[in-house]
1. Can you tell me the FRET efficiency between residue B:208 and residue A:3 if r is taken as the Cβ-Cβ distance and R0 is 45 Å, rounded to the nearest 0.05?
2. Could you work out how far apart the two model spin labels at residue A:39 and residue A:153 are, taking each label as a point 7 Å from the Cα in the direction of the beta carbon, and quote it in nm?
3. With a Förster radius of 35 Å, plug the Cβ-Cβ distance of residue A:84 and residue A:218 into 1/(1 + (r/R0)^6) and report the FRET value to the nearest 0.05.
4. Would you give the gap between the C-alpha center of the stretch A:67-115 and the C-alpha center of the stretch A:118-149, rounded to a whole Å?
5. Which residue, A:153, A:91, A:58, tops the fluctuation ranking in a GNM of chain A built on C-alpha contacts under 10 Å?
6. Any idea how far apart residue B:45 and residue A:11 come out in nm if each label point goes 7 Å out from Cα toward Cβ?
7. So what is the relative contact order for chain B, in percent, with contacts set as C-alpha pairs under 8 Å and at least six apart?
8. Could you line up B:10, B:100 from fewest to most neighbouring Cβ atoms inside 10 Å?
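Please treat every number below as a calculation from the coordinates, not as lab data. The structure displayed is predicted, hence computed values, not measured ones. Note that we place each Cβ from the backbone using ideal geometry, even for glycine, and neighbour counts take in every protein chain shown.
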């Protein structure tokens, strides 16, 4: 009869094997959790994960805010007042949503800068850069529309000004501003539109693009990783050696 | 397989610390959102707060309640929900306090006009004794069915209060006589003024059922 400890260990092993066999969870976790990053600038390679974390926070706290937010011109401001002053942990939840949104913009900027400076946008990773540009556009519009959802003087006028800027678009200015305002004046229809954008359309566009962004990252790996350097450098060295050898030969012939 | 994943073996102390830290972080992540979502339930159930402030609202006059039937009268309460923090300040106009209309079924006990009112003119003020007597004879009931809250009404043909949803039936006094409802109709807290006006409060009880919960839908 095996000891209790040995039996417990065996049971754990059996359970893990059982799950692995049916769902592949263990190997999937290993695949998702471990990704080699370059030795040089190692911490800078966490900025993408930080962005993902902050976006996840946005989704979670955003869902929670929807429990109290009322997307009508009459009630929007008051419902936020309620969240901030009366609902338990309301200030905390909205605080996380607000400040992590601010941090998100900064972290995305840093992430983009790291990608640019490390040359990670180069072949074969161009499409990941393109997807990233769409992501930053969406996040910017999300931040801007979130501002308007407060329906206070700041948010309201920010959206007005943004819509007004769009009105200067050549040829389609009139179409742009009336589409953004939901009419030729700002009113309840404007708020409905901003709400639809912020809560449904843009997050729905963001999620699959994040998926593609991650898929492409995993497909090509981080750029500049030592393994990649090693291969490329040895290739370069070989070519240089060859060249030098040829040059030396040529010199020999000329002599 | 698990051993392979576990790269560094843990000591017992480390394991316990990890458990303690995990409990703390887990609590910090789950309790605030849960309490946040449960905010209305906490305020209503634990703190006994209501969306409707405690105030008397005029319903109608006892002189307008006919014999032999239950009439529906409307009363407007004020309702303060999430959009109103409940403390209107100087810069907040309170325009978002909106009316909550309740339909109230009013009838005389067993449909019989009380002797106090027989041949009496509306000009003459009611005495305290008369008002007490009337209070015992009048039924002031929420029209919400005690079953699932659908709006009930007086059926002239059947001479009873009926619910259109699942066939709940009540007599003229709001007592349950048939169908699925667990008890009779909810009754409002009310008072009758000297002029014979009925005032109601957004507070409810059920006859013979001291533990009946709130009607919620009205």
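1. Working from the Cβ atoms, E equals 0.10.
2. For the pair residue A:39/residue A:153, the computed spacing is 5.9 nm.
3. My answer for the efficiency is 0.30.
4. The distance from the Cα centre of the stretch A:67-115 to that of the stretch A:118-149 comes to 21 Å.
5. A:153
6. Between residue B:45 and residue A:11, the simple spin-label model gives 3.4 nm.
7. 18
8. With the fewest neighbours first, B:10, B:100 line up as B:10, B:100.
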